[in-house]
2 protein chains.
Amino acid sequence: MYQYDYLFDFTKNVFMKMGCSENESTIIAEVFLAAELRDHASHGMIRIKDYYELWKAKRINTNPHVAIVHESPSTAVVDGDNAIGMVAARRSMEIAIEKAKKAGTGWVATRNSNHFGIAGYYAIMALEFDMIGICLTNANPLVAPTFSISRMMGTNPIAIAVPAMKQPPFIADFATTPIARGKLAVAEKKGEKVPFGFVQDKNGLPSNDPTILKYGGSMLTLGGDRIHGSHKGYCLSSIVDIFSAIFSGANFGPFVPPSVAYLPVLEKKVGEGTGHFFGAMRIDAFQPATEFKTKMDEWIETFRSAKPDQDHEKVLIPGDPEREAEERNMRDGIKLVPAIKDDLITIARELHIDFD
Amino acid sequence: MYQYDYLFDFTKNVFMKMGCSENESTIIAEVFLAAELRDHASHGMIRIKDYYELWKAKRINTNPHVAIVHESPSTAVVDGDNAIGMVAARRSMEIAIEKAKKAGTGWVATRNSNHFGIAGYYAIMALEFDMIGICLTNANPLVAPTFSISRMMGTNPIAIAVPAMKQPPFIADFATTPIARGKLAVAEKKGEKVPFGFVQDKNGLPSNDPTILKYGGSMLTLGGDRIHGSHKGYCLSSIVDIFSAIFSGANFGPFVPPSVAYLPVLEKKVGEGTGHFFGAMRIDAFQPATEFKTKMDEWIETFRSAKPDQDHEKVLIPGDPEREAEERNMRDGIKLVPAIKDDLITIARELHIDFD
């Protein structure tokens, strides 16, 4: 078990060694550790190696000039200058919040960025300003649209955070596929099958093989099949892609660049890097903040008191499981599996910093 | 088969007889007929009776004063004065578009409204202004959150319309449940079962009975069960509810009033009427309009050329099926089932207008 502070300092040091400023390295470490605390380990320490390898391959810029390239009172387009995603994303969300302070809402589309960790981190940034926060991003293509066998979209997540008064905030942060990709890797490592409805084989036939992506298979959209609404998941994924890439001028759909160095740079480019989309909505642009947040308390209490089914003790509010994990992991420490620990030891040795 | 113009004029006359202005009656008829054309008959002529009965019961206002009650440069809250939903919604979307012209984006939350027909109609209004249109609404509770057997939410739809250049626009318009409620009614009338994954019984057990809502059952959220991502459908439904009701001051979740007169007025009120949420985003607040729309053409062409699976000839773009239906129904006419025709004849007789 590792303490939060130990992993935080280590992560910060890794990125400072890669040329990021102290401020930027702090942001990056915050996002990695936020993922670990929330039990989204698939976006946590396991990913440090990916960023490190991209940096060694000179495919990512650790000294970027992130800048607004176009704006209106409530909108902006940001060029991330091929930054580590967290750096471009954090600055973009700050701009959305600034816009919202003046115009009521702020909306920022970001191009020329890279994988930014968990979307929820940026949505949550809005809460302390009594704003709703929104964050979308596209991602490298693994998912087939309804009726298709081509990998056209990423797991394109949506995160929305809504402040309340006495209750903890409502925080939704989810991929627009039935599962995150990491779940397939976990099943593969355990030698287990996955339920039908997550993936299909190269011919579009149902599959329960978590390794099927290696053999021409693809992930399915939320809904699973047409009868159960996969076309709605396809709509959601598409909207995330359009907002992230067409608004910003980033690569869309099948042209989103890989977030790992072991996959080659794509031959065809239709824009700049990976795209994100951020929103900040001042709640007092609609209702007095106290009234809105008190009403959200009532909403949360109402849904929390819904009758559970016979297999469950309670009905959850989006954000509940992650908050419980956060408290537990902060108290008990964060566990890293041996393979990840070994990777980090290698990186530490190469960068001449300590890790054990 | 009925011609578009015949049903349009009839519908307009019905609402004028109910006291709506000519302009408002025209809007209402447009929305009803848009649903019929797009093969969303569940939101078409079948619903006229519901509005008529609500009016007879004095539960809906046909002479409303729809007004802004709060605003910022990019936002407004609108009070619908218990109007027929189409009247409040059309005005609200116009306000969102006006806001977007000045601030880049416009966002309107509407309270004290009623059922407004198809959400897509209002999203599509933005297209002619080179804007993306967004429309959400909450609805009377039929849907259980993940792990629950309580009906807490409506089928809470999301509609988003995105303009393109040579290609037709991208138009997504979908309930945040695997199916719209109307599909259950159709299966019931045919005496058929429905696939598992749409509904559960009063104990939360899987059911394939389309009549189960009458016996304490509930609809499931998009995803169906927890393993297949129903918590993501629950997040989506919740977000639609929060944006529609908490931003506006409408009733939320289980307190959304029924849209039919045969169900009693709810005892508990937590806000005013039904709530909607509208967004308009000027695309040149992000990219020059020509550039954006040309890129959308490329997006659409890319996805249209995805490889179909063995059971399908082509991959669809959101909006394709409805556009094909629109052309067919405008050309060949609109079919009404006998029961609906009988209802309309009764209404026509009571209001002293012609229908046959």
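The values are calculated or read from the model by the stated rules, or taken from the named source; none is laboratory data. Given the structure is predicted, the values throughout are model-derived calculations rather than measurements. Cβ coordinates were reconstructed from backbone atoms using ideal geometry, including for glycine residues, and neighbour counts include every protein chain displayed.
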Check on B:Ala250, aliphatic (A, V, I, L, M), buried (at least 16 other Cβ atoms within 10 Å of the Cβ), away from chain A (no Cβ under 13 Å) and in a loop (DSSP other than H, G, I, E, B): no
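Among the residues of region B:59-73, are any within 14 Å of chain A (Cβ to nearest Cβ), at pLDDT 95 or above and touching a Pro at 6+ places or on another chain (Cβ under 7 Å)?
Going residue by residue through region B:59-73, those that are within 14 Å of chain A (Cβ to nearest Cβ) are B:68-73.
If we keep only those that are at pLDDT 95 or above as well, we get B:68-73.
This time we only want the ones that are touching a Pro at 6+ places or on another chain (Cβ under 7 Å), so: B:73.
The answer is yes; a qualifying residue exists.
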Residue satisfying all of: in region B:34-58; at pLDDT below 95 and outside any helix (DSSP H, G or I); surrounded by the most Cβ atoms within 10 Å (Cβ to Cβ) among these: B:Gly44
Candidate set: region A:156-185, residues that are away from every other protein chain (no Cβ under 11 Å) and closer than 23 Å to A:Gly233 by Cα; chosen: the one surrounded by the most Cβ atoms within 10 Å (Cβ to Cβ): A:Asn156
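From the set of residues in region B:264-321 that are β-branched (Val, Ile, Thr) and within 7 Å of chain A (Cβ to nearest Cβ), which is farthest from A:Pro206 (Cα to Cα)?
Our first condition is that a residue be β-branched (Val, Ile, Thr); within region B:264-321, this holds for B:265, B:270, B:274, B:283, B:290, B:294, B:300, B:302, B:315, B:317.
Those still in the list that are within 7 Å of chain A (Cβ to nearest Cβ) too: B:270, B:302, B:315.
Details: B:Val270: 45, B:Thr302: 24, B:Val315: 18 Å.
Out of the qualifying residues, it is B:Val270.
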Filtered residues of region A:202-216 (kept if touching an Asp or Glu at 6+ places or on another chain (Cβ under 9 Å) and closer than 28 Å to B:Tyr234 by Cα): A:Gly204, A:Leu205, A:Pro206, A:Ser207, A:Asp209, A:Pro210
Residue within region B:16-33 that is in a helix (DSSP H, G or I), among the hydroxyl-bearing types (Ser, Thr, Tyr) and more than 25 Å from B:Arg328 (Cβ to Cβ) present: yes
Number of the exception - B:His65 against (1) surrounded by 20 or more Cβ atoms within 10 Å (Cβ to Cβ); (2) without any contact (Cβ under 8 Å) to a residue 24 or more places away in the chain: (1)
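If you check B:Asp241, B:Asp284, which single one turns out to be over 27 Å from A:Asp320 (Cα atoms), part of a helix (DSSP H, G or I) and at pLDDT 95 or above?
Working: B:Asp241 fails: over 27 Å from A:Asp320 (Cα atoms).
None of the others qualify; the one that does is B:Asp284.
Here's the yes/no breakdown for (1) basic (Lys, Arg); (2) in a loop (DSSP other than H, G, I, E, B); (3) under 24 Å from B:Ser230 (Cβ atoms); (4) within 12 Å of another protein chain (Cβ to nearest Cβ):
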| position | (1), (2), (3), (4) |
| --- | --- |
| B:Ala109 | no, no, no, yes |
| B:Asn112 | no, no, no, no |
| B:Phe116 | no, yes, no, no |
| B:Tyr121 | no, no, no, no |
| B:Glu128 | no, no, no, no |
| B:Ile132 | no, no, no, yes |
| B:Ala139 | no, yes, yes, no |
| B:Ser150 | no, yes, yes, yes |
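Being farther than 26 Å from A:Ala285 by Cβ, in contact with a helix residue (DSSP H, G or I) (Cβ under 9 Å, 6 or more places away or on another chain) and either modelled with pLDDT of 95 or more or of a type outside the set (D, E, K, R) (or both): is that true of A:Met152 here? Lay out the reasoning, then the answer.
Working: farther than 26 Å from A:Ala285 by Cβ: yes; in contact with a helix residue (DSSP H, G or I) (Cβ under 9 Å, 6 or more places away or on another chain): yes; either modelled with pLDDT of 95 or more or of a type outside the set (D, E, K, R) (or both): yes.
Criteria met by A:Met152.
Give region A:189-215 a look and list any residue that's farther than 29 Å from B:Thr176 by Cα and either in the same structural domain as A:Asn156 (by TED's automatic domain parsing) or over 25 Å from the mean Cα position of the chain (by Cα) (or both), or say none. If you could, list the steps in order and put the result at the bottom.
So in region A:189-215, the residues farther than 29 Å from B:Thr176 by Cα come out as A:189-192, A:211, A:214-215.
Listed by number, the residues that qualify are A:Gly191, A:Glu192, A:Tyr215.
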